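The values are calculated or read from the model by the stated rules, or taken from the named source; none is laboratory data. In this text, all values refer to a predicted model and were calculated from it rather than measured experimentally. Here the Cβ positions follow ideal geometry from the backbone for every residue, glycine too, while neighbour counts run over all protein chains shown. To get the accessible areas, we keep the full protein, side chains included, count just its heavy atoms, and leave off ligands, DNA and RNA. Shrake-Rupley method; radii C 1.70, N 1.55, O 1.52, S 1.80 Å.
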Amino acid sequence: MSDRSRTNQLIYQAELLVSMPVGEDEHAVARQMALEESALALFELALCSLLKEVTEHARLENHAWRELLALDGPPMAELQRLRDVRREPGSWLNWLAFKLEQLHSSDGAARRTVTNPAMIAMGSQKSLREQLLDYVSDAKREIAALRETSQEW
């Protein structure tokens, strides 16, 4: 399987996981959290696969996203473009990097929803599931543009 196919497969699998119904039994919340964190982990694997894909001509030994997207990472146009996206507040890569730090922490990234009738609901508060779906869509658009640019070279 090519790196491009693997990237596509991982993104598709992340979308499948996060879109799965969780049911309404006593394990629904835990199941939802497990699906969200699993999808986030697949999104991280997809990012690593994408980095491998867009840097294949450089024959890098390491494809760890933290190192390649660091400010002092390899000087490649594709990586610089992704570094710029990562620095944009609200971008898919900025969000993903933040969530991956949470995922790798002892607290994890998924949260239980607190239902407290005394709290005022925030209309703009999206669940991790909804955020994942939104940012995966954004990532797919960015990946398509990045691939198009890479093919021009």
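Look through the range 1-39, keep the residues that are under 16 Å from Arg112 (Cβ atoms) and touching a residue at least 60 places away in the same chain (Cβ under 8 Å), and return whichever of them is surrounded by the most Cβ atoms within 10 Å (Cβ to Cβ).
My answer is Glu36.
Could you grab me the full set of residues in the range 90-110 that are out of contact with any helix residue (DSSP H, G or I) (no Cβ under 8 Å at 6 or more places or on another chain), more than 21 Å from Asp138 (Cβ to Cβ) and in a loop (DSSP other than H, G, I, E, B)?
Residues satisfying the conditions are Ser105, Ser106, Asp107.
Which of (1) open to solvent by less than 70 Å² (accessible area, probe 1.4 Å); (2) free of Cβ contacts under 8 Å to residues at least 40 places away in the same chain; (3) closer than 21 Å to Glu15 by Cα; (4) more than 17 Å from the chain's Cα centre (by Cα) is the odd one out, the single condition Ala58 does not satisfy?
(3)
Could you tell me whether the range 69-79 includes any residue that is within 15 Å of Tyr135 (Cβ to Cβ), open to solvent by less than 70 Å² (accessible area, probe 1.4 Å) and within 16 Å of the chain's Cα centre (by Cα)?
No, there is no match, as no residue in the range 69-79 is within 15 Å of Tyr135 (Cβ to Cβ), open to solvent by less than 70 Å² (accessible area, probe 1.4 Å) and within 16 Å of the chain's Cα centre (by Cα).
In the range 111-149, which residue that is of a type in the set (Gly, Ala, Ser), in a helix (DSSP H, G or I) and surrounded by fewer than 17 Cβ atoms within 10 Å (Cβ to Cβ) is modelled with the highest pLDDT?
Only one residue tops the list, namely Ser137.
I'd like the residue in the range 37-73 that is in a loop (DSSP other than H, G, I, E, B) and among the aliphatic types (A, V, I, L, M) and, out of all such residues, is modelled with the lowest pLDDT.
Only one residue fits best here, namely Leu60.
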